[in-house]
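K.L.:
Got a structure for you, written out below as structure tokens; questions coming shortly.
The values are calculated or read from the model by the stated rules, or taken from the named source; none is laboratory data. Quick caveat, the model's predicted, so the values are computed rather than measured. Heads up, the Cβs are rebuilt from the backbone with ideal geometry, glycines too, and the neighbour counts pull from every protein chain shown.
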Amino acid sequence: MKADLRSTPGRVSWKNEAALVAAAFAVLALLPFVITDSYSRHILIMAFIYAVVASNWDLSLGYGGVFNFGHLALFGIGVYAYGLMTKLAGIDPWLALALSGAVSTIAAIVVTIPILRLKGIYIILVTFGFAQLVMQLILSQSDYTGGTQGMVRIQTLYLASHNMIRDGKFAYFYIALAILFASTVFLRLLVRSKTGASIVALRDNEEYAVSRGISLVRQRVITLAASAFFTGVAGAFYAAYQRNASVDVFGMSLATIILSMVLLGGTSTIYGAIGASFVLTIFAEIMADFGAWRPIITALLIIVVMLVYPSGLAGICTSARASWRRRQEI
Amino acid sequence: MDAALQILFGGLFQGSLFAMMAVGLALIWTTIGVFNFSHGVMMMLGAYVAWQLSDWSLPLFIVLPATMLIMAGVGWLLQASVVRPLIGRPNIVLVVVITTLAAASLIENGVLEVWGPRSKQLPTLIEGNTQILGVGVSMHQIAIILITPVILGALWLFLNRTRLGLALRAVAQNEDASLLVGLNVTALYGLAFAIAAALAALAGIFMGGYRFMSPVMGADPLLKALIVVVFGGLSSISGPIFAAYLIGFFEAICSYYFGLYWTPALLFAVLILMLMIKPEGLFGAKTRGLA
């Protein structure tokens, strides 16, 4: 395995990777038996949701190289799609959860159309504009969405006769974990596939990739659409879990936090974004005592890591592993 | 007549504020090729610095230049701390977005700590109200409408007629060649940020005079400035200025006929449409910019 690692850097054989992922998720699945208070479980559930959103963003931002700043809008669309479907249309919560993912996917395809001809900073501006547009639409339709007041008493998920509210968030923990698991497996399968390779090829050398017959239009639509589904599902789950929805999800502060998860974790790894989501969410909890200083410390941390370790936490791990191996050889 | 005057007046007023913000963004983009997401926070900080200075009962003619000078220094510092170390990295556009966003969050929360959450208001530039053809307007707003073209004109003269300004434009056009002829490119980067921050501070003083100040007051002007630079094209200074007034009028017309609620949505719809048709901006030539 070691030789394999060195000959093709960054590529672990799929058997090893599957074993590692299975082990990691098995550990996570055992956590509720150790951590019994519902507040700590709540923190973990939020970490799972952020991990889904951040790792899916890594697909479009890191692998695709598409500066999609409307990613949080896809999350918000999931939140509101679930809320509207369960509240107004009376659709079954579980069906609404899946449908919300589909709605986000469609929204992602719609936003891809104007950015097909654009590059770099212009993509940031249009996708940013798209997010604001969605927020304005939600605000203006206050009869359905509650406008600035938000939506309250959104229907929760259900499990036969199990009481979801009085079990110390036991069931919610596993639903969130299952969404994260499904999303991670999906993302890793995608980026390891031929499609994933062609997405990276387009990012690294567009002219060459296009000349070799890769369709920019098709791959970009696939990238954005694929990154949207589980983001939308995570949004829907968030709505069901919190039981309310507000336009805060479109705000700059949440986008900054999730984006820093993607970049702190190191782009184009998927696992980096997930790891950074855990680290940042738990870090934010530890610093709860600092009150108003918390965002200041977080911002400083982000700047320092970006300046010192541009490749993020994944980069720190890689260089640590390299230096460890060097010491082994001596 | 009344409606037309109100739209004309509102458009000029909003356009002045947008222009003041947007030229700073465009200046930084053309010289360094990065987008400064702390531009809105610079505006907010400028307003708070001015408030602090006038709270020490300094007169306005000292407060204005002093604030701009202090903020120019802050702009320079911002550039030196979160932008300059990243120059040369392959993904600089993206990384600068996150570092400037983080810096914005840092400054915003810092201001909240120092000056507290209570809303403040700056003194107006000129007190009183007046009537123009039957429409009541405040002297403060008239002052803004008149001062802005002077400042922007001065900036234009600086960029086109002085050695330093020409050096700044040279860096914007060709960085490697500028280095070859011996221009101090890093200093010019700092200068671009300093000018942008000073102009943002001035916009902040304008805004603090007719609206309550809060640590988040810069968010909306930043958003509008983003729209303006996309409209005007990022590759020049004059494009965003025209676009600023155009959008000022568009907003004035929209909010008059469709109401304040629909204006942002309409604005963004027009923006996205426009980018699909002419991505290099309304006044932009197909030069730098698109990459």
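K.L.:
Quick one: is A:A201 within 14 Å of chain B (Cβ to nearest Cβ), surrounded by fewer than 24 Cβ atoms within 10 Å (Cβ to Cβ) and in contact with a helix residue (DSSP H, G or I) (Cβ under 6 Å, 6 or more places away or on another chain)?
P.N.:
no
K.L.:
Is it the case that some residue within segment A:180-190 is assigned to a loop (DSSP other than H, G, I, E, B), away from every other protein chain (no Cβ under 14 Å) and more than 22 Å from A:M46 (Cα to Cα)? Let's see the steps before the verdict.
P.N.:
If we filter segment A:180-190 for residues that are assigned to a loop (DSSP other than H, G, I, E, B), which is where we start, we get none.
Within segment A:180-190 (the criterion being assigned to a loop (DSSP other than H, G, I, E, B), away from every other protein chain (no Cβ under 14 Å) and more than 22 Å from A:M46 (Cα to Cα)), the answer is no, since none of the residues qualifies.
K.L.:
Another question, then. Criterion first (assigned to a helix (DSSP H, G or I), within 14 Å of chain B (Cβ to nearest Cβ) and buried (at least 22 other Cβ atoms within 10 Å of the Cβ)) does A:L263 satisfy it?
P.N.:
Values: assigned to a helix (DSSP H, G or I): yes; within 14 Å of chain B (Cβ to nearest Cβ): yes; buried (at least 22 other Cβ atoms within 10 Å of the Cβ): yes.
Yes; evaluated as a whole, the condition is true for this residue.
K.L.:
I'd like the full set of residues that are surrounded by 18 or more Cβ atoms within 10 Å (Cβ to Cβ), under 18 Å from B:S235 (Cα atoms) and touching a Gly at 6+ places or on another chain (Cβ under 7 Å), limited to segment B:158-194.
P.N.:
Matches in segment B:158-194: B:L159, B:F193.
K.L.:
Among the residues of segment B:34-66, count how many are crowded, with 20+ Cβ neighbours inside 10 Å and not in a helix (DSSP H, G or I).
P.N.:
5
K.L.:
For segment A:277-296, name all the residues that are of a type in the set (G, A, S), surrounded by 16 or more Cβ atoms within 10 Å (Cβ to Cβ) and either within 12 Å of chain B (Cβ to nearest Cβ) or touching a Cys at 6+ places or on another chain (Cβ under 7 Å) (or both).
P.N.:
Within segment A:277-296, none qualify.
K.L.:
With the structure loaded, tell me whether B:L267 is surrounded by fewer than 20 Cβ atoms within 10 Å (Cβ to Cβ) and outside any loop (DSSP other than H, G, I, E, B) or whether it fails that test.
P.N.:
Judged against the criteria, B:L267 is not a match.
K.L.:
While we're here: Of everything in segment A:136-162, what is out of contact with any strand residue (DSSP E or B) (no Cβ under 7 Å at 6 or more places or on another chain), more than 9 Å from chain B (Cβ to nearest Cβ) and either acidic (D, E) or in a helix (DSSP H, G or I) (or both)? Give them in sequence order.
P.N.:
Result: A:I138, A:S142, A:D143, A:Y144, A:G147, A:T148, A:Q149.
K.L.:
If you don't mind, another one. In this structure, is A:T298 in a helix (DSSP H, G or I) and either of a type outside the set (A, V, I, L, M) or at pLDDT below 85 (or both)?
P.N.:
When the stated conditions are applied, A:T298 passes them.
K.L.:
Looking at segment A:297-314 only, could you name the residues that are more than 9 Å from chain B (Cβ to nearest Cβ), within 21 Å of the chain's Cα centre (by Cα) and under 16 Å from B:V83 (Cα atoms)?
P.N.:
Residue satisfying the conditions is A:V305 alone.
K.L.:
Follow-up. Going residue by residue through segment B:125-135, is there one that turns out to be crowded, with 16+ Cβ neighbours inside 10 Å, of a type outside the set (V, I, T) and in contact with a helix residue (DSSP H, G or I) (Cβ under 9 Å, 6 or more places away or on another chain)?
P.N.:
Yes, because at least one residue in segment B:125-135 is crowded, with 16+ Cβ neighbours inside 10 Å, of a type outside the set (V, I, T) and in contact with a helix residue (DSSP H, G or I) (Cβ under 9 Å, 6 or more places away or on another chain).
K.L.:
Taking only segment A:131-155 into account, find how many residues are surrounded by fewer than 16 Cβ atoms within 10 Å (Cβ to Cβ) and farther than 30 Å from B:I227 by Cα.
P.N.:
Here the count works out to 2.
K.L.:
Which pairs do you get when a residue that is touching a residue at least 24 places away in the same chain (Cβ under 8 Å) and surrounded by 17 or more Cβ atoms within 10 Å (Cβ to Cβ), found in segment B:67-94, comes within reach of a residue that is among the hydroxyl-bearing types (S, T, Y) and not in a helix (DSSP H, G or I), reach meaning Cβ atoms under 7 angstrom, with the pair 6+ apart or on two chains?
P.N.:
Qualifying pairs under 7 Å: B:L78/B:S38.
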